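What follows is a single structure, written as structure tokens, with notes after it.
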Amino acid sequence: MPDPLIDISGNLERIHARINKAATAAGRDPEGIRLIAVSKYMPVEYVRQAMQSGHYIFGENTLQDATVKLEAISDARLEWHFIGHLQSNKAKLVPGNFHWLHTLDSIKLARKLSDAWNDSQLPLQVLLQVNIANDPRKYGLPPKSAIQFAADLLRLELPGIRLRGLMTIGRERATAVERRDDFIALRQLRDEMAARLDVDRCSELSMGMSDDFEIAIAEGATMVRVGSSIFGPRPEKPA
């Protein structure tokens with residue numbers, strides 16, 4: 001059962017208020033920002049409680065943990081985002097189960113995803129993960145190669161794969177200025193990619209988490225990934 005001390009409904013309300021305030025301050029429409037409730041390692045009951053509050057967009061980091069929730073909850077309003085690193089040998093589990101993948105970083109993985117897709121399923125919306133700060137501890141494409149990667153991907157015209165934009169994970173222990181610089185750099189890369197490849201559909205920017213999503217919104221985020229500020233401290237990774 002959900003911890004009675006964690007007010008998931010109230011937390012969601014507060015996060016939406018902060019999103020609205022940040023968007024308004026940036027001259028943006030709050031409706032253009034998707035809140036992804038990061039439910040990784042959280043019990044199924046936490047997801048259900050968020051749904052009871054009217055929230056249906058969730059992010060998962062591991063297929064093992066996500067499978068439990070996917071099997072336990074069936075609701076056509078749900079929108080599942082896979083936001084963790086994905087090995088190509090597990091790609092077959094994503095199409096048909098997830099609507100979005102935020103962490104595409106290899107052509108091999110893109111091919112595996114396409115091969116696993118069939119035309120009875122919705123196309124998988126994908127974001128390229130960019131290691132915008134060139135952090136050796138992070139996954140993702142180097143910024144200097146992201147546009148060429150996108151061009152190669154689009155040229156393949158893989159069935160069931162729709163390139164929609166870019167994602168990054170902020171560097172650890174960064175200052176507010178460093179985080180803002182990273183978000184600006186990702187936005188500029190997205191804009192350059194869209195202009196050079198003539199693809200206006202590549203407009204999404206997944207960036208910003210619990211402690212910096214307002215900065216991300218100010219710099220153009222269209223998706224923010226918030227976990228602990230909604231569900232409370234994350235439990236330890238299951239064995």
Among G27, G208, G165, which one shows the highest mean-square fluctuation when the chain is modelled as a Gaussian network with alpha-carbon springs under 10 Å? G27
Applying 1/(1 + (r/R0)^6) with R0 = 35 Å to the Cβ-Cβ distance of A17 and Y139, what FRET efficiency is obtained, to the nearest 0.05? 0.60
Report, to two decimal places, the Cα Rg of the range 1-72 normalised by 2.2 N^0.38 Å (N = number of residues). 1.23
Which loop trypsin sites (Lys or Arg not before Pro) in the range 180-239, with loop taken from DSSP, have no more than 12 other Cβ atoms within 10 angstrom of their Cβ? R201
GNM top mover of V68, V38, V126 - the chain, alpha-carbon springs below 10 Å: V68
If the chain between E31 and E45 were fully extended at 0.36 nm per residue, the gain over the current Cα-Cα distance would be 2.3 nm
Starting from the exponent 0.38 and prefactor 2.2 Å, build the expected Rg for the range 108-187 from its residue count and divide its actual Cα Rg by it. 1.26
On the full set of protein chains, 1.4 Å probe, figure out the accessible area of S74 and give it in Å² to the nearest 10. 120 Å²
Between R155 and I184, how high is the FRET efficiency from 1/(1 + (r/R0)^6) when r is the Cβ-Cβ distance and R₀ = 25 Å? Nearest 0.05. 0.30
Sorted on mean Cβ neighbours within 10 Å (highest first), peptides 10-18, 171-179 come out as 10-18, 171-179
Stokes-Einstein D for the range 69-109, Kirkwood Rh over Cα pairs, 37 °C, 0.692 mPa s (µm²/s): 292 µm²/s
Expected-Rg normalisation [2.2 N^0.38 Å, Cα atoms] applied to the chain: 0.98
Gained length - N118 relative to A76, 0.36 nm times residue gap less alpha-carbon distance: 13.2 nm
For Q52 and K90, compute 0.36 nm times the residue count separating them, minus their Cα-Cα distance, and round to one decimal in nm. 10.6 nm
Going from the alpha-carbon gyration tensor of the range 121-239, what semi-axes, largest first and in whole Å, does one get by taking the root of 5 times each eigenvalue? 25, 18, 14
Enumerate the lysines that K112 could reach by cross-link, defined here as Cα to Cα under 29 Å, with residues fewer than 8 away along the same chain left out. K40, K69, K90, K92, K138, K144, K237
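Given a 1.4 angstrom probe, what's the average accessible area per residue across the range 1-157, in square angstrom?
That works out to 51 Å² for each residue.
Which of the chymotrypsin sites (Phe, Trp or Tyr not before Pro) found in the range 58-149 are in a DSSP loop and have at most 15 neighbouring Cβ atoms, other than their own, within 10 Å?
Within the range 58-149, the qualifying chymotrypsin sites (Phe, Trp or Tyr not before Pro) (loop, at most 15 other Cβ atoms within 10 Å) are Y139.
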Carbon and sulfur atoms: what percent of the 1.4 Å accessible area of the chain do they account for? 48 percent
For the range 38-144, what class follows from the C-alpha gyration tensor (a ≥ b ≥ c being the square roots of its eigenvalues): rounded when a/c is under 1.5, otherwise prolate if a/b is larger than b/c, else oblate? oblate
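The values are calculated or read from the model by the stated rules, or taken from the named source; none is laboratory data. For clarity, every value in this text was computed on a predicted model and none was experimentally measured. When we count neighbours, we look across all protein chains shown, and the Cβ atoms used for this are built from the backbone with ideal geometry, even at glycine. Side chains are part of the model used for accessible areas, which takes the heavy atoms of the whole protein and leaves out ligands, DNA and RNA. Shrake-Rupley method; radii C 1.70, N 1.55, O 1.52, S 1.80 Å.
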